[in-house]
Amino acid sequence: MDEISNLMHGFGVALTLPNIGFMFIGILLGVLIGVLPGLGGANGVAILLPLTFSMNPTSAIIMLSCIYWGALFGGAITSILFNIPGEPWSVATTFDGYPMAQRGEAAQALTAAFTSSFVGALFAVLLITFMAPLLAKFALKFGPAEFFAVQLLTFCSFVGMSKEPPAKTIASMMLGFALAAVGLDSVTGQLRMTFGFPVLLKGFDFLIAVIGLFGIGEILLTMEEGLAFKGKSARINVRVVWQTWGQLLRHWRTFLRSVSVGCWMGITPGGATPASFMSYGMARRMSKNPQSFGQGNIEGVIAPETAAHAAGTSALLPMLTLGIPGSPTAAVLLGGLLIWGLQPGPMLFVEQKDFVWGLIASMYLGNIVGLLVVLTTVPFWAAVLRIPFAVIAPVIIVICAIGAYTVHSSMFDVVLMVVFGVVGYFFKKLRYPLAPMVLALVLGDMAEASFRQAMLISQGSLAIFVSNPLVGSITGLALALLLWPLWGVLRGLAKAREAAAAAS
Amino acid sequence: MSDSSEEAGGATVSTRWPEIVVAGVLLAAALLVMFDSVRSGIGWGDDGPRSGYFPFRIGLLLAGASVAILIGQLRVRSTQVFAERAQLSMVIQVFVPIVVYVALIGWLGIYVASALLIAYFMRRHGHYGWALTAAVSVGVPLVFFAVFERWFLVPLIKGPLEAWLGL
């Protein structure tokens, strides 16, 4: 099969000594980032992205994606040992992971979490290996109208499937679009919303927004709990690992279910965080004793971790093939690809085979290496967190500031980062979702370009978006998702009226 | 989860005012966007939408969403808790140093400012002795200096101290 031979070629690219080195560094950095609050997956990749500009793109993306894996693994460590989710997608892991640790079963919980992550990611990478070329070939038929329809679908599904009230999702998304529009308009050459400030010429960089929102914002949020990290200890020895693995085999149904949820949420833009919650909820509903969830049921660790990793990994599939990131971190990686001059989308698989298959091969390797590294180094990470917050917090702030500065060597960006930090704090507290804003910031210019190109082709007619079955069905689906919450509201009103009528 | 803010008196802050302020700020931003877009032209040009076409509609949607949120907040007496006053005070205690830190970067350079930030945190919140504080707050920026200036060759903002040392 074509894919297998491409994959073998990719392994050849990935298994060179420098790239293996980058893989290790990436995973170690990633776990560290995942473990520390304020340095999340999206944020950490954003900070390190400018530093990779001098590396060749293949090595750079290998390292960055390994940082991503590391962060996916690392979030579980703090969730289980400290009841502090290191990442938003590890929140669900705290529900049963921490009680298990309190019972002295920390090693089992950690092994279960890491193995679940491994399985979830592995399935997702297999999906990518076989689906990506198919999807890419399919996407070659896409014109500007189809691309815009897919982007529209992405944004509408955020509004439709978000837990938060639609008004807030729309507000967050529109803010992202507005920020993306600031600066030079590439089509007409006009300046938009710069109000005479030359520093706004290049617009707002999504990297600064990500570092501010997810970095500084996270630190401000964490401060509410005070400055203490008290956690359980854990030592993982080989015997515990084997025993736990035996236990895990019994839960194969949970694995399958979680992998499906995860892959679905990764490909449709949802990401690892909603995937973990959805999977946890499903596992609890389908379990024979739901009350045991929240008390330390190992399934409560398996379900969210598998789903989160499957989602986080499969989010790269639409990113590579269609240029649509399925998660905020994938959005940052997409931004990175654009900066390196690589256009994600179907042409990537045709023109940059080395890069794409090297990346996919490194996903397999990174996953295996990550699992081994993380199983063996847990006590080290637990020790890192024992460093008092009074020392770690300022260091994280310094890292964020340096990260923001190195993007464009601009002091203004550091100030902007603080502003975004405040925005992130308030948005999170008031339940405005951040992901749509980040996505809009990254995709805003592209979506607008697709729309304008489509308009050029159709001479100004909006009918191009229903002109053929492909575009029409995508657009139709997008509008359906957009109106979904409205449908829910109407149904609720109807039921309330029925109940009132029945009562009177 | 909603906490009643009637009990515990002034110990908690309800979400009402923060919601109204944030929605108000978003509305202001939306109006700003729409205002500027009108200047760039919001209709259709010879070859497609004019420069302000998209931003204007984006501003419109943002304004609509903000107004919806504002109305929602003004109508319902919100009993949800934003934060306890103690928590807010902790947040302010971190936020103000961050603002001062960023202000100092432009003036003293990032390395010196970072040393001061770390020292401040270690003394004020960690209650460490001067020796350890000095060691860490000078050591960490030195490590960063080595990593960024020498290894990655990425120059960061320097201030009077570095100029005096001839770096």
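Only the coordinates and a few stated rules stand behind these numbers; no lab work does. Because the structure is a prediction, the values reported are computed rather than measured. In this analysis, Cβ positions are derived from the backbone assuming ideal geometry, glycine residues included, and neighbour counts consider all displayed protein chains.
For this structure, a couple of remarks:
- Region A:419-462, residues that are within 7 Å of chain B (Cβ to nearest Cβ) and crowded, with 23+ Cβ neighbours inside 10 Å: A:448
- Against the numbered list (1) crowded, with 19+ Cβ neighbours inside 10 Å; (2) touching a residue at least 60 places away in the same chain (Cβ under 8 Å); (3) within 14 Å of chain B (Cβ to nearest Cβ), residue A:27 comes up short only at (3).
- Of all the criteria given as (1) β-branched (Val, Ile, Thr); (2) more than 30 Å from residue A:3 (Cβ to Cβ); (3) surrounded by fewer than 21 Cβ atoms within 10 Å (Cβ to Cβ); (4) touching a residue at least 60 places away in the same chain (Cβ under 8 Å), the one not satisfied by residue A:397 is (3).
- Note on region A:302-383: enclosed helices (runs of 4 or more DSSP H) holding 3 or more residues that are under 19 Å from the mean Cα position of the chain (by Cα) are A:316-322, A:328-339.
- Any hit, region B:117-139, residues being under 30 Å from residue A:168 (Cα atoms), at the interface with another protein chain (Cβ under 8 Å from one of its Cβ atoms), surrounded by fewer than 19 Cβ atoms within 10 Å (Cβ to Cβ) and not basic (Lys, Arg): no
- Scanning region B:31-83 for residues that are crowded, with 16+ Cβ neighbours inside 10 Å and assigned to a strand (DSSP E or B) yields a count of 5.
- Lone unmet requirement of (1) free of Cβ contacts under 8 Å to residues at least 40 places away in the same chain; (2) assigned to a helix (DSSP H, G or I); (3) more than 8 Å from chain B (Cβ to nearest Cβ) for residue A:149: (1)
- Residue B:26, sole failed condition from (1) aliphatic (A, V, I, L, M); (2) touching a residue at least 40 places away in the same chain (Cβ under 8 Å); (3) within 9 Å of chain A (Cβ to nearest Cβ); (4) surrounded by fewer than 19 Cβ atoms within 10 Å (Cβ to Cβ): (4)
- Options A:276, A:287, A:258: the member that is farther than 25 Å from residue A:26 by Cα and part of a helix (DSSP H, G or I): A:258
- Where residue A:312 falls short, out of the listed (1) of a type outside the set (Asp, Glu); (2) touching a residue at least 12 places away in the same chain (Cβ under 8 Å); (3) over 26 Å from residue A:110 (Cα atoms): (3)
- Filter result (hydroxyl-bearing (Ser, Thr, Tyr), farther than 24 Å from residue B:45 by Cα and either in contact with a Ser or Thr (Cβ under 9 Å, 6 or more places away or on another chain) or surrounded by fewer than 24 Cβ atoms within 10 Å (Cβ to Cβ) (or both)) within region A:155-213: A:157, A:162, A:169
- Scanning region A:388-416 for residues that are touching a helix residue (DSSP H, G or I) at 6+ places or on another chain (Cβ under 7 Å) and facing chain B (nearest Cβ under 8 Å) yields a total of 14.
- Matching option when the condition is touching a residue at least 40 places away in the same chain (Cβ under 8 Å) and either more than 30 Å from residue A:462 (Cα to Cα) or assigned to a helix (DSSP H, G or I) (or both), among A:122, A:126: A:122
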